[in-house]
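The values are calculated or read from the model by the stated rules, or taken from the named source; none is laboratory data. Being a predicted model, the structure only gives us computed values, none of them experimental. Here Cβ is always computed from backbone atoms with ideal geometry, including for glycine, and neighbour counts include all displayed protein chains.
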Amino acid sequence: MEDKGLFKEFIKGIYKENPITALFLGLCPALAVTTSLINGLGMGLAATFVLLFSNIIVSSVKGIVPRKIRIPIYIVIIATFVTIVELIMAGFIPSLFRALGIYVPLIVVNCIILGRAEAFASKNSLGKSTIDALGMGVGFTIVLVFLGAVREILGDGKLLGHYLFGPEFEPVLLMILPPGAFILIGLILGTINWIEIRKNQKIFLKFKEKKLITTENPE
Amino acid sequence: MELKLLLIIAVYSIFIQNFVLTRFLGLCPFIGVSKKMSSAVGMGFAVIFVMTLASIVTWLVYNYFLDPSTSILKYFSSEGTAPDLTFLRTIAFILVIASLVQFIEMFIQKTSPSLYRALGIYLPLITTNCAVLGVALLNIEGNPSIGIEGKFTFIQSVVQGFSAGVGFLIILILISGLREKLELKEIPESLKGVPIAFITAGLMAIAFLGFSGLTL
């Protein structure tokens, strides 16, 4: 039973409570760095690292932290891990560090991390907080990888640096530029809405078949 | 010459490298607050205020404590050289911003209750606004497109902080005006609300791309 509960905490971060598409958190880095798949993946993993360890520490100290000053304390914890990530990246993957630019230190104000620390890790057990962080991080990374892949393929004609199409392919330059990111995320959110509306309509029709509802219009 | 550079910084921060539409900073309040013009304007002014003050204080902290070439810590060390503490900028800046916002909120609450009622609820949100920490970091990164290689000077930082806030305010006013109008239009069900707001922002971003050809 405990296992099933933990798995649920993980899986919710992927779709139902995906930080970007359902909670609208973490949009700044999601749109800014996804000019290629590798950049999106790098940012996703870095943010997941910070989210995971911040959740662990915040959950471990939740009994000792006074409520009034909890937000500054969480911020210091998160900022410490962001600095660790910055230094690791600068030392071991300098090309990625240069590509991500100021968005690496900006992970500290990524609403997902402070949001999960405040809303979940400060009120739940260590095990649950760890799984929650992993789920949210993976969900975030999946969206970033998807955005990065689409923008790189359409906007550059490449994937992971390899050219996909022949020399006659004219890439849609707009996708790599800011407007492309905005329009793409708008369309993605619209698609998810469409899926959810269809799902609700199906459930409504099922109920109607079994004569559980008699009204005409679904809510 | 100096004044011309300041004006260039201002134009860059407001139009050519707009914080919201070009640098993707400040998107959370962009979506959360832009449904009504009045709340957007309130948030915009609060952001200008915080960004300018944050630019000032973070520059002072970086210049006199973290950057080894100008740090005052060199007077406390035995060899006369200050330690390179630039890696602490993330922690230092976010603590400065969080404390600053706290003080501003308390100050406004005491001195001007009417202003507090107008701006007060947005202030805690501004702490996690990427744009505030973003401008503090940009002040020390320099801007090669304008010709500033290292960190900005004090006045340049203040100008960039203020102009970035102004750019943010302009965008908020534009998008909230558009969203208020969109509420009354017929939009496909799946796109209502946030998706159409993002697509609108994308179209605005295309318009602002036009500024990128501006050479000063």
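A few comments on the model shown:
- Restricting B:64, B:122, B:116 to those that are within 20 Å of residue A:113 (Cα to Cα), away from chain A (no Cβ under 14 Å) and either of a type outside the set (A, V, I, L, M) or free of Cβ contacts under 8 Å to residues at least 60 places away in the same chain (or both) reduces the list to B:122.
- Residue in segment A:132-139 that is assigned to a helix (DSSP H, G or I), closer than 17 Å to residue A:61 by Cα and hydrophobic (A, V, I, L, M, F, W, C) present: yes
- Scope segment B:192-211; condition among the polar types (S, T, N, Q) and exposed (fewer than 15 other Cβ atoms within 10 Å of the Cβ); matching residues: none
- Output for segment B:126-142, where each listed residue is more than 8 Å from chain A (Cβ to nearest Cβ), touching a Gly at 6+ places or on another chain (Cβ under 6 Å) and surrounded by 24 or more Cβ atoms within 10 Å (Cβ to Cβ): B:131, B:135
- Test: residue in segment A:180-202 that is under 24 Å from residue B:202 (Cα atoms), over 21 Å from the mean Cα position of the chain (by Cα), in contact (Cβ under 8 Å) with a residue 12 or more places away in the chain and within 14 Å of chain B (Cβ to nearest Cβ): no
- Yes/no for residue A:94 being at pLDDT 90 or above and not acidic (Asp, Glu): yes
- Positions within segment A:137-160 being under 26 Å from residue A:52 (Cβ atoms) and modelled with pLDDT under 85, in sequence order: A:160
- Among the residues of segment B:197-211, at least one is of a type in the set (S, T, N, Q), under 20 Å from residue B:29 (Cβ atoms), within 14 Å of chain A (Cβ to nearest Cβ) and touching a Lys or Arg at 6+ places or on another chain (Cβ under 9 Å).
- Only one entry of B:31, B:56, B:104, B:97 meets the criterion of being under 24 Å from residue B:166 (Cα atoms) and either crowded, with 20+ Cβ neighbours inside 10 Å or in contact with an Asp or Glu (Cβ under 6 Å, 6 or more places away or on another chain) (or both), and that entry is B:97.
- Restricting attention to segment A:127-178, the residues being out of contact with any Leu (no Cβ under 7 Å at 6 or more places or on another chain) and exposed (fewer than 15 other Cβ atoms within 10 Å of the Cβ) number 11.
- Test: residue in segment B:161-183 that is under 18 Å from the mean Cα position of the chain (by Cα) and among the hydroxyl-bearing types (Ser, Thr, Tyr): yes
- Filtered residues of segment A:84-115 (kept if part of a loop (DSSP other than H, G, I, E, B) and more than 12 Å from every other protein chain (Cβ to nearest Cβ)): A:93
- Enumeration of residues in segment B:171-191 that are surrounded by 16 or more Cβ atoms within 10 Å (Cβ to Cβ) and either β-branched (Val, Ile, Thr) or within 11 Å of chain A (Cβ to nearest Cβ) (or both): B:171, B:175, B:190, B:191
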